[in-house]
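Take a look at the structure below.
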Amino acid sequence: MPGYDIVIIGGAIVGASLAWQLREEGFGGTIALVERDPRFEHAATTLSCASIRQQFSIPENIRLSRYTLDLFRRLKDEFGSDADIGFREKGYLILASEEGRPVLEANHRVQAAEGADILLEDAGALQKRFSWLSTEGIAAGAFGRTGEGWFDAHALLSLLRKALKTRSVDMIEASATAISREGNRVTAVTLDSGETLAAGIVVNAAGPNAGKVAAMAGLALPVEPRKRSVFVFEARERFNDMPLLVDPSGVYVRPEGSVYITGGAEPYETDAAADPTDFEPDWPLFEETIWPVLATRIPAFEAIKATRAWAGHYDYNTLDQNAVIGPHPEVGNLLFANGFSGHGLQQAPAVGKALAELIVHGGYRTIDCSVFGYERVAEGRAYRELNVI
């Protein structure tokens, strides 16, 4: 039976970031990175809207994303002079109604305390700043002047995986089908090829499939796949100053080259675990819900032409829409990096750093991720993130 010091289940952005950070921290043991979809056709990483923000409601999420932002700023130093992920630092604009204004203000206080460059303005100031914006029903908005925007997820993932090819990481194309346990330790991972990998440490970085992977070890993890549709449309007007705008309804929109992309506002009543084979965009959501909101919020978008769409699954933590990071309290050599609920791509390098420090040094050093530990799951104690987009 081949054996590895660390077997990482999931080779997209979270797993790849961890493998890279392990080598950065000086880990000299053997690493296997297991990925069932090596072209990432259905990966949450590559089907996301690929954005980064500091506008969260809890400090730890802000710190995780700020670490990734710092990595973006030194990308060429880390990965070479030709490293480019097309980062567009155009900001987020999160709008609130009068009812939602207290939450927006409370979140802004947390963000300001963490040093995030977020400007809180009332409707009048927003109207002056963004002439194309209708502030009907809007009381205030929070605008990220720096440190927020969007990028190319494929490019970031490619940089990391290319770097791993020179760092003695075995990248295995397979699905994990079983995890063996002896008492309070996991000992091996079985693959759909029939091969079994002995493992000193197993890391669950399986994205939307994380709940099923945890169950292979006899453990409960409240993470399931949720489908999200993204729609592309054309409009006559181009707004060069447009950030990623989030309406109080949950609808978001942002520029993407010569077009725009939009999504959000999935009905809470019917939002449930996705069929693992369902990647069909929900066109009625666009026509019945999203387009009317766009036309109200940005009058120029009353006349638009939808051109295409895609759908992806993301890993949704049903407990509190927050990540689960770190070891299981009883099965200590099984580590979690799951449940990011839509912000895993932007936080993956930071989570990889945190777990690499935990493995190599025995504790968190750069970012303390203790609040994201599995203990809260076992206790049913939510640590809720309010800014879920």
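Here, each number is a calculation from the coordinates, and none is a lab measurement. Model, not experiment: these values are computed from the prediction. Because the Cβ atoms are built from the backbone with ideal geometry, glycine has one as well, and the counts that use them run over all protein chains shown.
Between Ala155 and Glu280, what is the FRET efficiency for a Förster distance of 41 Å, r being their Cβ-Cβ separation, to the nearest 0.05? Show your work: numbers first, answer last.
On the way: r = 27 Å, r/R0 = 0.65.
Calculated transfer efficiency: 0.95.
Quote to one decimal, in nm, the extra length available between Glu99 and Gln127 on full extension: 0.36 nm per residue of separation minus the C-alpha distance between them.
On the way: separation 28, 0.36 × 28 = 10.08 nm, distance 1.93 nm.
Working it through step by step, the gained length comes to 8.1 nm.
If the elastic network links every pair of Cα atoms under 10 Å, which of Leu335, Leu157, Leu358 fluctuates the most in the Gaussian network model of the chain?
Per the Cα network of the chain with a 10 Å cutoff, Leu358 tops the list.
Quickly estimate the mean residue ellipticity at 222 nm for the chain, helices only: each DSSP H run with n ≥ 4 gives -39500 (n - 2.57), and the total goes over all residues, rounded to 500. Provide the component values of the computation, followed by the final result.
On the way: 11 runs with 105 residues, N = 389.
Taken over the chain, the calculation gives -8000 deg cm²/dmol.
Taking Cα atoms, how many degrees apart are the long axis of helix 13-24 and the longest axis of the chain, rounded to 10 and kept between 0 and 90?
For helix 13-24, the angle is close to 60 degrees.
Provide the gained length on full extension for the span Asp82 to Tyr383, in nm with one decimal, where the gain is 0.36 nm per separating residue minus the Cα-Cα distance.
104.4 nm
Working from Cα positions, state the angle (0 to 90°, nearest 10) between the long axis of helix 153-164 and the longest principal axis of the chain.
20 degrees
What is the helix-to-structure angle for 101-113, meaning the angle in degrees between its Cα long axis and the longest Cα principal axis of the chain, kept from 0 to 90 and rounded to the nearest 10?
The angle comes out near 60 degrees.
Would you tally the net charge around Leu75, using a Cβ to Cβ cut-off of less than 12 Å, leaving Leu75 out, and scoring K and R as +1, D and E as -1?
Surrounding charge for Leu75 is -3.
So what is the relative contact order for the chain, in percent, with contacts set as C-alpha pairs under 8 Å and at least six apart?
Details: 862 pairs, mean separation 91.1, N = 389.
Worked out over the chain, it gives 23 percent.
Which pairs, out of Lys90/Lys227; Lys90/Lys353; Lys128/Lys227, put more than 29 Å between their alpha-carbon atoms?
Working: Lys90/Lys227 26 Å; Lys90/Lys353 26 Å; Lys128/Lys227 36 Å.
Flagged as over cut-off: Lys128/Lys227.
Measure off 7 Å from each Cα along the Cα-to-Cβ vector at Glu195 and Glu330, then give the distance between these two points in nanometres to one decimal.
In this crude label model, Glu195 to Glu330 measures out at 3.2 nm.
Give, as a single signed number, the net charge of other residues whose beta carbon lies under 14 Å from the beta carbon of Ala206, with Lys and Arg counted +1 and Asp and Glu -1.
On the way: positive: Arg36, Lys212; negative: Glu35, Asp37, Asp192, Glu224, Asp315.
Net charge in that neighbourhood comes out at -3.
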